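Inspection log for the structure reproduced underneath, given as structure tokens.
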Amino acid sequence: MTTKNLQGEFITFTDGEYNIPDNPIVGAIAGDGIGPDIWSATKMVLDAAVEKAYAGKRKICWQSLVAGEAAFAETGAYLPETTLEAIKKQRIAIKGPLSTPTGGGIRSLNVALRHHFDLYACIRPVRYYEGVPNPMKRPGDLDVVIFRENTEDVYAGLEWPAGSDEAEALGDYLREKLQAKVRPGSALGIKPMSPEGSKRLIRAAIEYAINNGRRMVTMVHKGNIMKFTEGAFCQWGYDMAKAEFPDQVITEDELVTKYQGEWPPGKIILNDRIADAMFQQLLLRPSEYDVLATPNLNGDYLSDACAAQVGGLGIAPGANVGDGIAIFEATHGTAPKYAGLDKVNPGSLILSGKMMLDFMGWNEAGELVEKALQKTILGRQVTYDLARQMEGGEEVSCSTFGKLIVEAMV
Ligand code: NAP
């Protein structure tokens with residue numbers, strides 16, 4: 001059921017599908033530090049793209065939500081219940097960076113949001129935009145979309161300090177019951193990985209590949225050493241694909257044995273790589289990879305490494321997605337020293353907004369954003385981070401960069 005409201009309508013989610021009205025209510029958290037600056041530029045760009053693409057027939061009704069320091073000042077809570085309730089109702093939200101409160105038991109507001117809404121897939125597309133300074137000879141060869149598991153593995157939060165009662169009790173259990181060699185006084189952490197958690201992440205990666213014309217999904221794991229966690233992640237992926245996508249997915253082995261190494265168009269190839277080898281592969285043969293599905297920690301490292309290959313985190317977009325709720329976000333932090341200076345690059349949040357438009361099926365607007373950003377970078381009037389590395393680059397402010405992107409939309 002679509003609930004009418006004065007400014008817009010709520011997005012609904014039925015039978016696994018989002019229903020997007022022409023005037024959806026979308027939550028927006030500006031965030032801390034540089035958040036308000038980059039959000040203001042991003043909003044301007046996204047609104048202009050939607051206006052241009054649909055000539056006023058579609059419009060996002062932003063609802064401003066608070067979290068982080070602004071929320072704490074206003075409500076005494078870093079993640080107020082009202083914000084969580086609003087996101088639950090709106091289903092799609094976009095956010096700037098949030099600073100991690102010091103002390104007080106919250107590990108990270110971002111991790112808290114992911115756990116609260118069970119946003120199990122962290123999605124990071126990484127591709128090169130021409131003109132962005134970068135360390136590679138052929139940066140354009142890398143064009144991957146990373147699906148990183150968000151809720152299990154070492155981010156499950158199951159760890160206890162050295163000498164704590166919990167670590168000692170767990171250590172005693174491991175030594176006595178499982179004859180494990182654990183030194184007394186050790187800090188201990190647990191790395192849980194479930195069939196359900198692994199399969200839904202790999203399923204999301206395969207569905208993305210199918211829906212976006214990608215040809216390969218690579219599971220990245222360290223199963224040669226961690227056989228029962230990361231090794232199982234990979235095996236569960238193969239089992240799930242065989243059961244659920246028998247007509248769409250073939251394995252790398254089948255590519256050789258059944259198809260003589262010739263990719264059959266329309267099929268997705270599912271393969272796997274050991275994590276350490278994958279870091280080499282992505283540097284040496286990046287064009288051979290496409291969609292990556294990874295457990296939590298591998299994906300954490302790989303996402304930033306890939307972003308560096310195409311010019312850094314300043315313009316790397318991301319989203320955290322569950323079943324029925326998706327939050328799009330800048331992948332960098334709050335860069336507090338630049339807060340309020342109207343200086344930093346809004347590209348990461350702008351491209352996260354482009355991801356959001358695509359996710360909503362508003363691809364025409366998404367494409368306008370991406371093309372205009374590319375054109376602006378080629379025009380060399382860019383924020384300080386790009387200008388300082390770009391021959392002939394002219395530094396402009398965050399808001400001016402946003403305005404130039406809007407002007408570049410044709
Ligand atoms: P950071 O905020 O990402 O900033 C580190 C450096 O990255 C900045 O000093 C700046 O480099 C560069 N940078 C970041 N964003 C930029 C942008 N939009 N444009 C241009 N350059 C940019 O990392 P941090 O200082 O480690 O973390 C600060 C706070 O952010 C912490 O509280 C952390 O917990 C939080 N954090 C939040 C998120 C999130 O909400 N998703 C993610 C990471 C960190 P230069 O100094 O070289 O100019």
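The values are calculated or read from the model by the stated rules, or taken from the named source; none is laboratory data. Source: prediction; values computed, not measured. Methodologically, a virtual Cβ is constructed for each residue, glycine included, from the backbone with ideal geometry; neighbour enumeration extends over all protein chains shown.
Residue pairs whose Cβ atoms lie under 8 Å apart, separated by 6 or more positions or on different chains, with the first residue in region 337-357 and closer than 12 Å to residue 385 by Cα and of a type in the set (S, T, N, Q) and the second part of a loop (DSSP other than H, G, I, E, B) and within 11 Å of the ligand (Cβ to nearest atom), are 345/383.
When the residues of region 22-44 are filtered to those that are within 14 Å of the ligand (Cβ to nearest atom) and assigned to a helix (DSSP H, G or I), which remaining residue is nearest to residue 101 (Cα to Cα)? Among residues in region 22-44 that are within 14 Å of the ligand (Cβ to nearest atom) and assigned to a helix (DSSP H, G or I), the one nearest to residue 101 (Cα to Cα) is 35. Applying the criterion of being of a type outside the set (Lys, Arg) and at pLDDT 95 or above to the residues of region 141-159, the residue that is farthest from residue 355 (Cα to Cα) is 141. Entry remark, region 373-395: residues being at pLDDT 95 or above and surrounded by 22 or more Cβ atoms within 10 Å (Cβ to Cβ) number 5 in total. Residue 108 satisfies every condition listed in (1) among the polar types (S, T, N, Q); (2) more than 16 Å from the ligand (Cβ to nearest atom); (3) surrounded by fewer than 20 Cβ atoms within 10 Å (Cβ to Cβ) except (2). Which is more than 13 Å from the ligand (Cβ to nearest atom) and of a type in the set (A, V, I, L, M), of 357, 341? Step by step, each of 357, 341 is checked, and only 357 is more than 13 Å from the ligand (Cβ to nearest atom) and of a type in the set (A, V, I, L, M). Can you pull out the residues in region 68-103 that are assigned to a loop (DSSP other than H, G, I, E, B) and within 13 Å of the ligand (Cβ to nearest atom)? Answer for region 68-103, where residues must be assigned to a loop (DSSP other than H, G, I, E, B) and within 13 Å of the ligand (Cβ to nearest atom): 68, 78, 79, 96, 97, 98, 99, 100, 101, 102, 103. Taking the criterion of being in a loop (DSSP other than H, G, I, E, B), within 19 Å of residue 228 (Cα to Cα) and not hydrophobic (A, V, I, L, M, F, W, C), the residues of region 154-195 that qualify are 179, 181, 191, 192, 194. Just so you know, in region 299-338 the residues that are in contact with a Pro (Cβ under 8 Å, 6 or more places away or on another chain) and in a helix (DSSP H, G or I) include one that is farthest from the ligand (Cβ to nearest atom), and it is 309.
Checking each residue in region 360-410 for being acidic (Asp, Glu) and either closer than 19 Å to residue 59 by Cα or away from the ligand (no atom under 14 Å from the Cβ) (or both) picks out 364, 367, 370, 391, 394, 407.
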